[in-house]
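To start, the structure itself, in structure tokens.
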Amino acid sequence: MNQNCKSCKLQENKREMSKNKVLVVGGTGYLGQHLLQAFYADGNGISPYDLAFTHHSNLPPKPLLDSIPRSLAFQLDLKTGNGFEAISNAFGQPVVVVNCAAVSVPRACEIDPAAAHAINVPSSLVQWLQSFKEKNTLLIHLSTDQVYEGEKSFYKEDDIVVPVNVYGKTKVAAEQFISDNCSNYAILRSSIIYGLQTVSPVPKSLPIQWIDGALAKGEKVEFFHDEFRCPIYVKDLVNIILALTNQWISEGKQIQLLLNTGGPDRLSRVQMAEAVAQFRGYDTSIIKSVSASSVDRGVKSPPDISMDITRLVQTLRINPVSFKDGVGLTLTAEAKQ
Ligand SMILES: NC(=O)c1ccc[n+]([C@@H]2O[C@H](COP(=O)([O-])OP(=O)(O)OC[C@H]3O[C@@H](n4cnc5c(N)ncnc54)[C@H](OP(=O)(O)O)[C@@H]3O)[C@@H](O)[C@H]2O)c1
């Protein structure tokens with residue numbers, strides 16, 4: 001930023017005065033992009049938030065920047081903490097930080113456990129938040145259903161966590177680190193997130209779009225009948241994060257919250273495929289039911305990590321949509337893109 005530029009200084013002063021600074025760490029990922037757009041759109045065209053986000057491996061994509069004008073983008077490496085100083089200087093202390101950054105692919109965590117631990121346990125982020133005089137930023141951190149062992153149905157937040165793979169272990173370590181070191185936080189144990197592609201498409205394949213593409217060929221496709229999840233529609237997860245943000249901004253009451261954030265349905269992969277086939281009118285006989293144990297995915301996968309979401313519904317009064325409705329919303333919106 002040019003320190004002598006008059007309009008830059010005015011903008012800087014305005015930012016200093018703003019109460020609603022929100023920072024999305026990992027803003028270029030799948031959830032991060034959806035979240036940024038929702039924060040931007042909240043408030044009927046005049047966003048009530050000052051938005052900033054971080055990117056890591058690449059420059060922030062133009063379609064994302066164009067869709068959230070006036071937001072600030074910062075390069076950040078959670079491994080080293082390089083980038084936080086620039087955020088302090090140009091943006092200041094956020095009122096809310098949403099941490100969506102992670103090595104989120106379980107197989108990648110198995111390949112490099114040290115890197116997965118260094119990124120998924122956000123110690124540099126927490127240290128940075130503690131460097132501010134007022135230690136009251138709300139940290140909303142994304143965890144996973146893979147903290148559970150997967151040996152029963154409908155896990156509750158107070159059930160013991162027994163992760164079976166490196167990804168789950170790093171996420172448990174992150175939860176522990178945050179609850180030991182922060183006084184104002186919400187940890188969201190998300191199930192599979194599904195929904196529309198992002199404004200700047202992410203490289204990984206998205207669940208509904210992948211199932212749809214595979215079944216559209218009309219040939220037999222194998223799906224597991226013995227692995228259960230509670231997939232959550234991305235807009236529901238975004239609404240949960242917006243509700244937590246607005247609650248903190250309007251009420252100023254610190255929280256220490258742990259929430260299972262899944263959809264209402266416990267589904268096998270076969271049932272997920274059937275929901276897509278039914279919406280599209282595909283022949284369901286091409287869905288071949290197989291056991292998860294028949295395939296080596298290079299990472300141990302917990303069989304049943306379905307979650308009880310009573311606490312979510314009671315705390316925030318948000319009822320996530322059924323998987324059937326979420327599939328309809330996703331594929332209808334994809335068709336309009
Ligand atoms: N997607 C799901 O189905 C799912 C399910 C359960 C839980 N979750 C959790 O939800 C969160 C968001 O998931 P997602 O699918 O949106 O993830 P994602 O698409 O994989 O995005 C990950 C983000 O992390 C950033 N990142 C990677 N390495 C970094 C580093 N060293 N320093 C700083 N940032 C780094 C990436 O930046 P660049 O792209 O610029 O490198 C990207 O913005 C994650 O915590 C994930 O574990 C996701």
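The values are calculated or read from the model by the stated rules, or taken from the named source; none is laboratory data. Quantities reported herein were computed from a predicted structural model and do not represent experimental measurements. Note that each Cβ is placed from the backbone with ideal geometry, even for glycine, and that neighbours are counted across all protein chains shown.
Would you mention how many residues in the range 50-83 are touching a residue at least 60 places away in the same chain (Cβ under 8 Å) and surrounded by 15 or more Cβ atoms within 10 Å (Cβ to Cβ)? Number satisfying all stated conditions: 3. The condition of being over 15 Å from the mean Cα position of the chain (by Cα), surrounded by fewer than 20 Cβ atoms within 10 Å (Cβ to Cβ), of a type in the set (S, T, N, Q) and within 16 Å of the ligand (Cβ to nearest atom) holds for only one of S200, S250, that being S200. For the range 276-289, the condition of being more than 26 Å from V238 (Cβ to Cβ), assigned to a helix (DSSP H, G or I) and small (G, A, S) holds for at least one residue.
Pairs linking a residue in the range 277-300 that is farther than 13 Å from K217 by Cα to a residue that is assigned to a loop (DSSP other than H, G, I, E, B) and of a type in the set (S, T, Y), with Cβ atoms under 8 Å and 6 or more positions apart or on different chains, are A292/S301.
Remark: A186 matches the filter, which requires a residue to be crowded, with 17+ Cβ neighbours inside 10 Å, over 24 Å from N82 (Cα atoms), in contact (Cβ under 8 Å) with a residue 24 or more places away in the chain and among the hydrophobic types (A, V, I, L, M, F, W, C). Residues in the range 290-300 that are surrounded by 13 or more Cβ atoms within 10 Å (Cβ to Cβ) and part of a loop (DSSP other than H, G, I, E, B): V299, K300.
For the range 128-135, does any single residue satisfy the condition of being outside any loop (DSSP other than H, G, I, E, B), surrounded by fewer than 24 Cβ atoms within 10 Å (Cβ to Cβ) and either within 16 Å of the ligand (Cβ to nearest atom) or within 18 Å of the chain's Cα centre (by Cα) (or both)? Yes, that holds for at least one residue. Scanning the range 301-321 for residues that are surrounded by 15 or more Cβ atoms within 10 Å (Cβ to Cβ), of a type outside the set (S, T, Y) and not in a helix (DSSP H, G or I) gives P302, P303, D304, I305, M307, D308, I309, I318, P320, V321.
The residue that is nearest to the ligand (Cβ to nearest atom), among those in the range 112-123 that are in contact (Cβ under 8 Å) with a residue 40 or more places away in the chain and over 25 Å from I240 (Cα atoms), is A118. When E149 is tested against (1) over 23 Å from Q254 (Cα atoms); (2) in a loop (DSSP other than H, G, I, E, B); (3) without any contact (Cβ under 8 Å) to a residue 24 or more places away in the chain; (4) among the acidic types (D, E), exactly one condition is not met: (3). Residue check: is V238 among the aliphatic types (A, V, I, L, M), touching a residue at least 24 places away in the same chain (Cβ under 8 Å) and in a loop (DSSP other than H, G, I, E, B)? No: the conditions fail for V238.
Checked against the criterion of being over 25 Å from F224 (Cα atoms), assigned to a helix (DSSP H, G or I) and among the hydrophobic types (A, V, I, L, M, F, W, C), the range 247-258 contains one or more residues that satisfy it. For K324, are the conditions met, namely being of a type in the set (K, R), assigned to a helix (DSSP H, G or I) and over 30 Å from K21 (Cβ atoms)? The answer is yes for K324.
Restricting the range 218-241 to residues that are surrounded by 14 or more Cβ atoms within 10 Å (Cβ to Cβ) and of a type in the set (K, R), the residue that is farthest from Q176 (Cα to Cα) is K235. Looking across L267, L244, L215, one residue alone is crowded, with 20+ Cβ neighbours inside 10 Å, more than 23 Å from the chain's Cα centre (by Cα) and either at pLDDT 95 or above or not aromatic (F, W, Y) (or both). It is L215.
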